[in-house]
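Here the structure is laid out as structure tokens; the discussion comes afterwards.
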């Protein structure tokens, strides 16, 4: 079976200077991979006519699919649409469906008048198939030339994802004969990538040729993904599942969940399954753990609330940490974190609490308590576990690593305390 390759071109000066992070190509690559399409190249180019034209030429020589995002707005620097019109030998015309969509958005959603610049959003090359934009004003465009499919979509992630999910992926599936593909993913925490690779090296070397293992590390966690491609979906899934069962046994000590879910999703599911609730008392993480937990739909079933006790006075007045504890042991101490847990359990009326206090940097450290020194605690009304960590990175990464370790500590604590009670 022919291997279908795709190239992704993201357009915009803001991408090249780092003003905007390119999340579009990462998401698109993941979705293409799920559908059995191999991503050969991901390329970012500025708002320069010749550079975009050259990118189209180069990528179309190597890939059967060229996906483009960006440059479809109403301002002068948005040159993608006129360039595509010339590249494919067409002329700009108004599309009635796109025009009706623009009018609807301005008249019924935004409740403000349109100007001519807005109307131009409905112009498309007459040689394309128009892709409706149900989340914005700029339509997508599907072109075919010399056996290559080109798809141009807006750079706004929400709009691009709507087009990809609602139209483009299905259309590509109809146009090409794509292989069957099977993925299984698990999440580990508490072990580094190199140690994990060494631990499962024999398993990896013995994998069938059609099954590939990928390591996907991120902030104290490592995802392991098994992938197989072929002609028959059922046989692939059986093969991958057999290998996946073996992999799960090998990494059981560190496995968080045997699905492609985040750590916070795994913790949320665990709380829901046990009918328990959680709250957070955060100092050094500044509410970041609360953000991770509440970003999940349905978190209100198990998340009660948070106290961001950044100042010592808030620790004392709200969480009732003894001022003498802070005076004698310091805010960044085991004793302070234990008292934060005690106070938050009562204040937030919850089954479990995560508490954090530390020095995230880049300054504020001392020889006794250097930058990156953190105390993390988890507990309920019967038991607590408090541990110290020393992280060595910049402020943001120290915060993220603190959150990961806190959530993983809570996960283990829930397992240990509920299993012991049964």
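The values are calculated or read from the model by the stated rules, or taken from the named source; none is laboratory data. Just so we're clear, the structure is a prediction, and the values are computed from it rather than from any experiment. Virtual Cβ from ideal backbone geometry, glycine too; neighbours counted across all protein chains shown.
Quick notes
- Any hit, segment 75-86, residues being under 15 Å from residue 140 (Cα atoms) and not in a helix (DSSP H, G or I): yes
- Matching residues in segment 38-77 - criterion: being more than 12 Å from residue 10 (Cα to Cα), at pLDDT below 95 and either within 26 Å of the chain's Cα centre (by Cα) or not assigned by TED's automatic domain parsing to the domain that holds residue 140 (or both): 38, 73
- In the condition set (1) more than 19 Å from residue 278 (Cβ to Cβ); (2) in contact (Cβ under 8 Å) with a residue 60 or more places away in the chain; (3) part of a strand (DSSP E or B), residue 388 is compliant with all but (2).
- Only one of 261, 293 that is out of contact with any strand residue (DSSP E or B) (no Cβ under 6 Å at 6 or more places or on another chain) and under 23 Å from residue 397 (Cα atoms): 261
- Of all the listed residues (357, 388), the sole one being touching a helix residue (DSSP H, G or I) at 6+ places or on another chain (Cβ under 8 Å) and surrounded by fewer than 19 Cβ atoms within 10 Å (Cβ to Cβ) is 388.
- Filtering segment 123-157 to residues that are within 20 Å of residue 57 (Cα to Cα) and in a loop (DSSP other than H, G, I, E, B) leaves 127, 128, 146, 147.
- Hits in segment 35-57 - residues which are in a helix (DSSP H, G or I) and within 24 Å of residue 174 (Cβ to Cβ): 56
- Qualifying positions in segment 214-241 - in contact (Cβ under 8 Å) with a residue 12 or more places away in the chain, surrounded by 13 or more Cβ atoms within 10 Å (Cβ to Cβ) and farther than 18 Å from residue 252 by Cα: 219, 227, 228, 229, 230, 236, 237, 239
- Any hit, segment 330-337, residues being under 29 Å from residue 254 (Cα atoms), out of contact with any helix residue (DSSP H, G or I) (no Cβ under 9 Å at 6 or more places or on another chain) and buried (at least 22 other Cβ atoms within 10 Å of the Cβ): yes
- Residue in segment 172-186 that is surrounded by 21 or more Cβ atoms within 10 Å (Cβ to Cβ), modelled with pLDDT of 95 or more and more than 30 Å from residue 402 (Cα to Cα) present: yes
- Flag for residue 308 being over 26 Å from residue 415 (Cβ atoms), within 26 Å of the chain's Cα centre (by Cα) and surrounded by 16 or more Cβ atoms within 10 Å (Cβ to Cβ): yes
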